[in-house]
1. Over the chain, what is the relative contact order in whole percent, taking alpha-carbon pairs under 8 Å and six or more residues apart?
2. Name the residue from 111, 88, 42 whose Cα lies farthest towards the positive end of the charge dipole of the chain, charges +1 on Cβ of Lys and Arg and -1 on Cβ of Asp and Glu.
3. Quick one: helix 47-64 against the long Cα principal axis of the chain, what's the angle to the nearest 10°, folded into 0 to 90?
4. About its Cα centre, how strong a charge dipole does the chain have in debye, to the nearest 20, once Lys and Arg get +1 and Asp and Glu get -1 at the Cβ?
5. Enumerate the whole-percent occupancy of each 5 Å bin, from 0 to the last occupied one, for all C-alpha pair distances of the chain.
6. For the chain, what does the accessible surface come to per residue with a 1.4 Å probe? Please give it in Å².
7. Run the accessible area of the chain with a 1.4 Å probe and give the carbon-and-sulfur part as a rounded percent.
Amino acid sequence: MAGWVVWLTIAAVLVVVEMLTLTFYLLWLALGAVVAALTTFLFPELVLVQLASGAITALLLTIFTKPLTRRFRSGGAEFRDAIEELVGKEGIVIEAIAPGKPGIVRVGSETWSALAEEPLEAGQTVIILHRGTTMLEVQLTGGQT
């Protein structure tokens with residue numbers, strides 16, 4: 001098998017793994033493997049030159065794109081998860097909640113399953129203390145609606 005095919009296969013595998021990890025480091029190694037494949041195509045007997053060109057390419061991409069990848073990985077300060085913002089909001093009990101038995105709470109235009117440490121009747125106003133994956137933990141705030 002030709003050496004450049006081996007390098008392109010390595011690059012393809014690295015790109016697939018990069019899609020699973022989203023770290024950008026494997027992408028730079030994949031691009032280094034592509035450069036090594038081009039070098040192999042031009043200079044098939046110079047294995048050391050192939051390795052050096054791939055390694056230097058990956059190293060330079062890693063160094064010079066660090067600020068860019070850091071910005072992508074941090075997600076930026078402007079991103080806010082709307083679901084996480086439920087904590088602290090008020091809702092109305094739609095279906096009664098008993099300790100250990102979930103009920104239904106409406107928060108804005110959405111309905112959620114909810115648990116509470118105290119019994120809550122339909123129509124009572126509650127505040128959201130915590131959000132699990134599909135369940136809210138609520139507490140009575142006082143007042144009927």
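1. For the chain, the relative contact order is 15 percent.
2. About the Cα centre, the residue reaching furthest to the positive side is 42.
3. Long axis of 47-64 versus the principal axis of the chain: about 40 degrees.
4. Roughly 600 debye for the chain.
5. Percent of Cα pairs in each bin: 2, 10, 14, 12, 7, 5, 5, 5, 6, 7, 7, 7, 6, 4, 2, 1, 0.
6. Value for the chain: 65 Å² per residue.
7. 68 percent
The values are calculated or read from the model by the stated rules, or taken from the named source; none is laboratory data. The model shown is predicted, which means the values in this text are computed figures rather than measured ones. All Cβ positions, even for glycine, are placed from backbone atoms using ideal geometry, and neighbour counts span all protein chains on display. Accessible surface areas use protein heavy atoms only, side chains included; no ligands, DNA or RNA. Shrake-Rupley method; radii C 1.70, N 1.55, O 1.52, S 1.80 Å.
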